[in-house]
Structures are given as C-alpha cells and as structure tokens.
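The next block holds one structure in the form of structure tokens; read it before the comments.
The values are calculated or read from the model by the stated rules, or taken from the named source; none is laboratory data. Bear in mind the structure is a predicted one, so any value in this text is a computation, not a measurement. Cβ atoms come from the backbone with ideal geometry, glycine included; neighbour counts cover every protein chain shown. Surface areas here come from the heavy atoms of the whole protein model, side chains and all, with no ligands, DNA or RNA. Shrake-Rupley method; radii C 1.70, N 1.55, O 1.52, S 1.80 Å.
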Amino acid sequence: MSATTQRPTAPDSRTPSKARRLLGDQRLPVAATALLFIVMYGVGLSRYQYYGFAEPQVFLNLFIDNGYLLVAAVGATFVILSGGIDLSVGSMMGFTTMLTAWLVERQGVPLPLVIPMALGVGAFGGFLMGYVIHNFEIQPFIVTLAGLFLFRGLCLVISKESISISDASVSSMADAQVSLGAGFLSIGAIVALVVLAVAFYVLHYTRFGRRVYAIGGNEHSAMLMGLPQGGTKIAVYTVSGFCSALAGLLFTLYIQSGDPLHATGMELDAIAAVVIGGTLLTGGSGYVLGTLFGVLVLGLIKSIIQFEGTLSSWWTKIATGVLLCVFILVQRIMTARKKT
C-alpha cells in the first residue's frame, strides 16, 4: 500500500488571527486603561506606603477631587461617540460658576432656584450649537470654538473679578459628606457617579444610545437606515451642554466661588479623559466606563505628584500629553487593523 502524503494546508487568509481579533476587540482600550490605573495605583502603594497612600480615603478622594471632570467628560463622551467634538465645555463650566455666584451672592436668589436655571442655560447653549452644526452643516470644531469664546466672554460681562460665595446653603452642600464606613464621598462625587450610571444605561440600553454609536460609526450608513441624524446630533450637544453646566455647578461647590478664568482648558482635560478611556476620536466606538478610568488615571497622576512632593504640577500636563499620544497611536493601529 502506498501511503499518500498530505501537504499542510495554508491558513485561510480570510480567517482572522488571534492577534487581529484581539486588536479588533472594542473592549481592549478600556481594559488597557483599567490595567494602567491598577499598575499606577500599585506603584503608589509600594512607593508611598508610609505616607498614607494605602488609606481608603485617598482612593475616594479621586472621585471627590475629580467629580466635576467626570461629569464634563461624560458629556464629551456622547459628542465624541457621535463623531463630533465640543470645545465649549470649559467655558460653559466657567460661565456656570460666574452665573451661580452672581445670582446667589449678588442677587440673593436661593440656590434651589439657581440650579435649574444654570442647567437650563447649559442645555440650551448645547442645543443651539447642535442646531447650527446640523442645519447649517458647519464643522463642530468651528461652532463649538465660537461657543468657547462666547461663554468665556459672557463670564466677563457678569464680572471681571472673582465672586466669592458665602451663602450658607452653598457651604452646607459643599461640606456635606456621605459616609461609606472606611471613608466618605462628597455630594459632588455622588452626583458624578449617578450621572455616570445614567449615561451608561442610555448609551447601552436605549435606542438613542444605539443611534449615537451608529452615526459615529458611519453617518452615511445611518442615513440609509433611516436613523434621525439631525435629532440625534442636536441631542448629543444638548447633553454635553447640560453636563458642562452640571460640572460647573459641582466645580462651584468645590471652589465656592465664581471666576472668569475658572475651568480654563477643562475641555481639553475632558477630551483627554475620553480618549485615554478608549473612545475613538473618529466616533462609533468606546465605553463610558472607559471615560471613568480615564478620569481616574488623570486624577491618580495628580495624587502621585502631590505625594512625591518634589515634582512641579506641570508634570501632570506632561504625563497627560504622553498618555494621550500613546492612546491615539493605539487607536490608529486598531483602526488600521480593522481595515485590512
């Protein structure tokens, strides 16, 4: 009997390799950011174990000190997922601090009335920018840049100087704490986590969330499927404006003052947190939980620099820039792999 030899068959080029499947997994950037946070936190535990870094309150302070940034970044996540950008976040936050301080301190308006007024102004400002972007087909960069200058200018219209808030209701709300046994969270941190939970549900379990992903992934395909692009685009900028105003209110509680220069450049921190959290700048891919880890990473960088004691605060910007470049490079590699 003659034995027939079988040649090894070449792998089908259409069958994706494990490496390609891994790079194509949308959860990879979020996992990478979470792993980065765990590694950085572990380094802090080992390096500053005698300086109280292991205290549970140090971890909880990441939420307390960055609650306003988390809310702003959640709003930016909606916009970036849809394929847009919002450069007015920081100016809207600064305007909210000035409006709140002016109404409470100078006009004597009760805080419970100021809060919905400030949130309404923020949502309406976002609505206007979304309306202009969609109906006049102008690039979001241009429209939101105009919003940046507009709201920063309105800050100076209210007052050219800082307005300190001495109202008892603001102080009591700012000092309020929610005990967690081993530590506590502030009202601002609790609000930020609630906003995160609501955003997670909306993006992953509602039709609106699926529309945001669809439009950001391929706007032309979304149009062919009959999805309401105009309403969705306007809605995401309305959400961003609302979140920016809410972040401004939380920042007001954190600082207890209004200033024309408050939150300058905060829009860049929010965008950096979203990108470091794994959301593609081109839209259509990302998770709001990744934004949480992005904010925690940025907050942890600040904490480590404070515990180190010998480093300038500018190292926060340097580290953020390096991480941003790395994650954008990773995004570029992932999108290139998907196309091949």
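What share of Cα pairs, in percent, lie more than 34 angstrom apart in the chain? That fraction is 29 percent.
For the set S164, S91, S171, solvent exposure ranked by accessible area (probe 1.4 Å, protein chains only) runs largest to smallest as S164, S171, S91.
Where the only charges are on Cβ atoms (+1 Lys, Arg; -1 Asp, Glu), what is the dipole of segment 80-188 about its Cα centre, to the nearest 20 debye?
So the magnitude is around 120 debye.
Just the protein heavy atoms count here, and of the accessible area of the chain at 1.4 Å, carbon and sulfur take up 66 percent. Accessible surface computed residue by residue for the chain, with neighbouring protein chains in place and a 1.4 Å probe, gives 51 Å² per residue. Each pair of Cα atoms in segment 40-106 enters the Kirkwood radius, and Stokes-Einstein at 10 °C and 1.306 mPa s then converts it into a translational diffusion coefficient of 106 µm²/s.
Taking all C-alpha pairs of segment 127-234, those more than 24 Å from each other amount to 56 percent.
With contacts taken as Cα pairs under 8 Å at a separation of at least 6 residues, the chain carries a relative contact order of 33 percent.
The convex hull built on the alpha-carbon positions of segment 197-340 has an orientation-averaged projected area of 10.7 nm². Distance between the pseudo-spin-label points of L113 and K317 (7 Å out from Cα toward the beta carbon): 4.1 nm. Dipole magnitude for the chain: about 1560 debye, using +1 per Lys or Arg Cβ and -1 per Asp or Glu Cβ, origin at the Cα centre. The residue among A73, A336, F127 whose Cα reaches farthest toward the positive pole of the charge dipole of the chain, with charges on the beta-carbon of Lys, Arg, Asp and Glu, is A336. For segment 114-264, a simple Cβ point-charge model (Lys and Arg +1, Asp and Glu -1, everything else neutral) yields a dipole of about 440 debye relative to the Cα centre.
Protection proxy ranking of 278-287, 73-82, 220-229, by the mean of other Cβ atoms within 10 Å over each peptide's residues and highest first, is 73-82, 278-287, 220-229. What net charge do the residues around Y213 carry, taking every other residue with its C-beta under 13 Å from that of Y213, with Lys and Arg at +1 and Asp and Glu at -1? Combined, the nearby Lys, Arg, Asp and Glu give +2. A protection proxy built from the mean count of other Cβ atoms within 10 Å ranks the segments 309-315, 327-333, most packed first, as 327-333, 309-315.
Which aspartates and glutamates, if any, have their Cα less than 17 Å from the Cα of K302, not counting same-chain residues under 8 positions apart? Result set, ordered by chain and number: E55, D65, D269.
Please work out the Cα center distance from segment 221-286 to segment 154-175, rounded to the nearest Å. Each part's Cα centre sits 23 Å from the other's.
The local environment of L324, defined by Cβ-Cβ distances under 15 Å, has a net charge of 0 under the rule Lys, Arg +1 and Asp, Glu -1.
Each principal axis of segment 40-163 carries a Cα extent, and these read 56, 41, 25 Å when sorted largest first.
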